[in-house]
Structures are given as C-alpha cells and as structure tokens.
Amino acid sequence: MPCIWKARGTDRPPEGAAMADALSVSPLIVDILWNRGLRTVEEMDRFLSPGLRHLAGPETIPGLTKAAEVLAAGIAEGCPLAVWGDYDVDGITATALVTEFLAARGIEVMHHLPNRLEEGYGVNVAGVEQLAEAGARLLLTVDCGISDIAGVARARELGMSVVVSDHHIPGDELPDAHAICDPRLEEGGPCADLAGVGVAFMLMAALNKLLPGDPADVRPLLDLVALGTIADVVSLTGQNRILVKNGLLLIKEAKRPGVAALKVVSDYARDAELGAGQVGFNITPRINAAGRMGDPDKGLDLLLADTFDAAMPLAEELNAINMERRRQETEIAEEAFAQAETMPNMAGLVLHADHWHPGIIGIVASRVAEKFYRPTLILCTAEDGSLFKGSGRSIPEFDLYEGLKAIEPVLNGFGGHKQAAGLSILPEQLDELRERFNACVAAELGPEPLTPTLKLDRELPFAAITHTLLAELELLQPYGMGNPEPVFGSAPVTVADRRTFGREQEHVKLVLADEATGARLPGKAWRAGKTLPRDVRGRLMRFAFTPKIDRYRGIPKIDLRIRDWNF
C-alpha cells in the first residue's frame, strides 16, 4: 500500500559534529538518534552501548519483591513448585528460563504449557487440578495469570501458594494470588515494556539473592530473554534494548544446543550473527509453530536440550511443523484477503470462517491489517462449536485493547495490548461484533480508511552509502517496535533494470542509477511484482529504502530494501 512520506524530524543537533566526534561516529548517526528523541552525548552513548550495568533493579517492577519472597519461602518449606507458562515463544522461553535457573540452584520444577487447541490461553481449572494431583504446592505463572481469576482461585482452594508474574494489562479485577508482579500494575516505570520472559528474568534475579548457597550466573539466560522479547513484538527500547542486545550476543555464540539447532535448520551457520529481524522472521516462528499447532512442549524440550545431537531432531520436527503452518497460513490469508475485499466501507474488519486454524489466525490478522491498513479481528470456531475464538491486530493509530474494552458487553472474554489481542464471542454475537467494532474504530479514526505513514530519517545520496556507513548503522541494532530500522529517501533516480523472482515471481529486483554521481545500486522490493510493473524500467523515480549488506554466496554487497516509491 502506498504511504505518505514524512520526515522523522526536521531539525539537526546544534553541536552535531562535536557530538559525533565524542561518540566516534558519523554525523548521520547523531542526526538519527537526535530525531528519535536522544538529546545528549550520554543518552546516545548509552543507546549505542547498552551494557547490563544500565539495567534497572528488579524491585522497580510492582509486586516483584514480594513475589520473590513468597517463592523463596515456599522453596524453603520444601513445597514442590510448578511453573505455568503460555504456549507462545514468550511463554515457552519464560518457562525454560525459570526451569533452567532453578535447576542451577538445585531445585526441580514441574511445568504446564497449555495446549492451544484444547485448553486455550491462560490458567485453567482442569490444568491446576492436574498439577495439584502431581503434588504441586507452589504455583508460579509466567507470561499469563493476570486475568485468570478462576484458575488462581482453584489453586488456592487446593492449598497452593500462588505467584503471578505477567506483563499483560490488568483488568478491573485481579486474581487472589499471594503475590502479583506485573510492570503494568502501575503507570510508567523503567520496566513497563518488558515481555513476560523479561519479567521472569527479573524475578529470578531477585530470587537468586534470597535462596541459600552461592548465587547462579543469570547472564547465560539472556538468549532466552532475547528470543521471547523479540517474538512478542514489544518495544525494543530502554530495558528491552539492553536485554535483547546482550541476548543476541549469546544467540551468535549459540552455546545453547537448541539455539544452534534452530540456526542450522533455518539455513544459518551455527556462529552466524543475527539481527532481531532475522531472529523474529526465521528463528522464533519455528518455536512458535509448536504452540500454534498444538504442542508447545516440543519448543520447551528443544530449548532445554543438553546436547546438539538431542536438539537437532527436535529442531527438524519443529521446522517441518513450521512448513505446514506456513502452507496453512497462505491458504487462510488468501481467503481472509478475499473476505476483506468485500468490506470496502468498514473502518474495522471482522473476518470469520469455521475451518480457520486457531493457531494461525493471529499471523493472518497481522497480514490483513498491514495490507488493508485497518484494525482487524479474525475469528474461527472452537472445536466444540460453543464459541468463536479470535485474534486481533491493529495499526499504530488505534489502541486495540481499549477498543475491545469499549465493546466488552458483546465479548465472552478478551485480553492483550494496544496492537495485539485475543478474544472470544458467542457465535450469535458475530454480526453485533462487526457492527460495534466498526463503529468503535470509525469513531476513533473516522469512517474512511487511513493511509499509512512512512517516516524517513533523511535523504541519503547513493554515493554516501558505503560499507563503513552500514557498519555504523549496525550500532543502532536491535531494530523493532520503538526502534525501527532507519529509512532513507533517494533523490530522483533511474530504474536501470527490473526483474522478478520468487516461486510465483512475486518479488522484484531493481538496479537504480543516480545519473548525477554515476552510482548504481541493486535493490529488492518484496511482494511488489504487481505494483512495480515492467514499464517502470527507464523511468525516473524516488525510492524510500533501507541499505543492507547482502552476504549471499559469502560475498558482502550493498543492497537496498525498497520500502516505497513514487513517480
């Protein structure tokens, strides 16, 4: 979809050259950081070098100190501990982190990761009863629990001490746990954007100091923190930037057998250096596929595997599951796109089909929201037919959680964030949901669909794009929500060549020529086979792009990722 181009910022730092000298970077890097709100050399230095010494204390998370104390007391009393996670990457990595940390302290734990297809999200009564039968007397939730009133109540009825650790937005009623730690319990705070695995890491760091014996080194757990944080698409600024930047170093080393195996089945070298985008696009979907298709324990077993030989068969199995997931995703997306095309006047989209896979509709909702640039809810029918279960994805201009809260009477249940949510409704409420959701979105954004905005960091001449500049841009990694990849605008350049590639020739390769300087650079525009037709060859156009190093066949070359264009 064509975008409206806007400058990320129009002013330049008054002491830009001096700041660049102090940081040993080019003025362009200072310009980029300035226009992202960093105003001093100290702030920029901390951004470029986010060391673990800059982490906030665990006690800054509301309720965490008490949560650690309850866990320490229960462990001291010999209470068998069970960890209840979620079936997505955030929940799986959080469960792995707690299990591995406590094992290092000599404490065995049992765990429960709900089957998405049979149990759904969150702490359920039946699962709690199973853990009680297995002997659990201390229950810790990770990446869930903040809205699980009934499940927590049942755990207490069965004599368990319950600690909830979560990062989702609390509802009006909190579960009756012995302790609750969630950065969202209070407004603001340095840890407000942590993923569930980040909260679990902070909780284990605090517990580490309360348990008897020598503290364990928690730094080797940061690869798990990075995987879960990247997969959960939380803001990669502040505390998350510190955790992910350091976790990516461990993912490069791949000392964890499961991470090494995942890199191999994703066609990376075991010691390959990966950015957050590569991890989020290629590594974490394979972990997620286990939970999406029904059995998250496969992902957990992989991350906790002791050897590469034990991990590799699990990684290959997850790779096969992910291939099937991608096949089904393509089919569902085509059907969802077709449905959306029939709703041109809807400000908010609500799509449904009985046969869509509940583990895949969230990914498809993201693709629909991106393609049509409208908040989107996608629903399918539960196995027993009693409910429609759905996933929602939004656009930056619309807070999806608040939108669902405004229409809560028509929902059976919901939870989530500003940009992503889960929900369920009674089948007979589908038409009313469509009407109310559309009205809610229209009231907030207006009845006409919006045009997405693409923010450009500045215009960048082709002649200035060098390997040295690209190495400097790598200092801005990890990219993600809150810290997007820099996007630059070109002067008018000539399309010297245009070819298609891909299984269905859906992608486009270009060669762009700057006649003023003689510089020529290749570029790729993904899924642009129809929107960049053959007749662009020879035309003078402007492009929005992100420069990259293409290491295909082992030879590093500069390549442009084409984001948008105009004539």
Residue hits (the range 413-436; among the aromatic types (Phe, Trp, Tyr) and open to solvent by less than 30 Å² (accessible area, probe 1.4 Å)) are none
Taking the range 333-365 and keeping only residues that are part of a helix (DSSP H, G or I), modelled with pLDDT of 95 or more, in contact with a strand residue (DSSP E or B) (Cβ under 9 Å, 6 or more places away or on another chain) and surrounded by fewer than 23 Cβ atoms within 10 Å (Cβ to Cβ), one is left with Glu335, Gln339, Ala340
Pairs returned, first residue in the range 37-55 that is open to solvent by less than 80 Å² (accessible area, probe 1.4 Å), second residue that is in a loop (DSSP other than H, G, I, E, B) and among the β-branched types (Val, Ile, Thr), beta-carbon separation under 8 angstrom, 6 or more apart or interchain, are Leu48/Val25
| request: Would you mind stating whether Gly247 is assigned to a loop (DSSP other than H, G, I, E, B) and either touching a Gly at 6+ places or on another chain (Cβ under 7 Å) or open to solvent by less than 10 Å² (accessible area, probe 1.4 Å) (or both)? | output: no
Checking Pro486, Pro478, Pro447 in turn, the sole residue that is over 27 Å from the mean Cα position of the chain (by Cα), touching a residue at least 12 places away in the same chain (Cβ under 8 Å) and assigned to a loop (DSSP other than H, G, I, E, B) turns out to be Pro447
Residues of the range 64-106 being among the β-branched types (Val, Ile, Thr), in contact with a helix residue (DSSP H, G or I) (Cβ under 9 Å, 6 or more places away or on another chain) and open to solvent by 10 Å² or more (accessible area, probe 1.4 Å), in sequence order, are Thr65, Ile75, Thr99
Filtering the range 407-444 for residues that are under 22 Å from Ala382 (Cα atoms), in a helix (DSSP H, G or I) and touching a residue at least 60 places away in the same chain (Cβ under 8 Å) leaves a count of 4
Picking from Val162, Val109, Val125, the residue that is of a type in the set (Val, Ile, Thr), touching a helix residue (DSSP H, G or I) at 6+ places or on another chain (Cβ under 7 Å) and open to solvent by less than 10 Å² (accessible area, probe 1.4 Å) would be Val162
Restricting attention to the range 166-195, the residues that are in contact with a strand residue (DSSP E or B) (Cβ under 8 Å, 6 or more places away or on another chain) and within 12 Å of Ile61 (Cα to Cα) number exactly 4
Scanning the range 31-52 residue by residue, those over 18 Å from Asp21 (Cβ atoms) and either out of contact with any helix residue (DSSP H, G or I) (no Cβ under 9 Å at 6 or more places or on another chain) or outside any helix (DSSP H, G or I) (or both) turn out to be Asn35, Arg36, Gly37, Pro50, Gly51
Looking across the range 288-314 at residues that are modelled with pLDDT of 95 or more, open to solvent by less than 30 Å² (accessible area, probe 1.4 Å) and part of a helix (DSSP H, G or I), the single one that is nearest to Arg326 (Cα to Cα) is Gly299
Per the list (1) in contact with a helix residue (DSSP H, G or I) (Cβ under 9 Å, 6 or more places away or on another chain); (2) open to solvent by 10 Å² or more (accessible area, probe 1.4 Å); (3) hydrophobic (A, V, I, L, M, F, W, C), residue check on Ala439 breaks on (1)
Is it fair to say Pro13 is open to solvent by less than 20 Å² (accessible area, probe 1.4 Å) and at pLDDT below 95?
yes
When restricted to Arg326, Arg374, the only residue among the basic types (Lys, Arg) and over 30 Å from Val410 (Cβ atoms) is Arg326
Counting only residues in the range 178-204 that are in contact (Cβ under 8 Å) with a residue 12 or more places away in the chain and open to solvent by 20 Å² or more (accessible area, probe 1.4 Å), the one nearest to the chain's Cα centre (by Cα) is identified as Asp193
Restricting attention to the range 128-143, the residues that are on the phi > 0 side of the Ramachandran plot and buried (at least 16 other Cβ atoms within 10 Å of the Cβ) number exactly 1
When the range 266-279 is checked residue by residue, the ones that are in a helix (DSSP H, G or I) and surrounded by fewer than 21 Cβ atoms within 10 Å (Cβ to Cβ) are Gly277, Gln278
Tell me yes or no: at least one residue of the range 368-382 is part of a loop (DSSP other than H, G, I, E, B) and more than 26 Å from the chain's Cα centre (by Cα). no
Residues of the range 400-412 being buried (at least 20 other Cβ atoms within 10 Å of the Cβ) and over 24 Å from Ile363 (Cβ atoms), in sequence order, are none
Counted residues in the range 371-406 being free of Cβ contacts under 8 Å to residues at least 12 places away in the same chain and under 26 Å from Met481 (Cα atoms) come to 1
For the range 194-207, state whether one or more residues are modelled with pLDDT of 95 or more and farther than 30 Å from Gly78 by Cα.
yes
In the range 450-466, anything open to solvent by 20 Å² or more (accessible area, probe 1.4 Å) and assigned to a loop (DSSP other than H, G, I, E, B) is listed as Leu450, Thr451, Pro461, Thr466
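Taking the range 120-179, which residues are in a strand (DSSP E or B) and hydroxyl-bearing (Ser, Thr, Tyr)?
The answer is Thr141, Ser161, Ser165.
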So the strands (runs of 3 or more DSSP E) completely within the range 501-562 holding 2 or more residues that are open to solvent by 20 Å² or more (accessible area, probe 1.4 Å) and among the basic types (Lys, Arg) are 519-525, 540-550
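The values are calculated or read from the model by the stated rules, or taken from the named source; none is laboratory data. Because the structure is a prediction, the values reported are computed rather than measured. As a convention, Cβ positions derive from the backbone with ideal geometry for all residues, glycine included, and neighbour counts pool all protein chains shown. We work out accessible area using only protein heavy atoms, side chains counted, and drop any ligands, DNA or RNA first. Shrake-Rupley method; radii C 1.70, N 1.55, O 1.52, S 1.80 Å.
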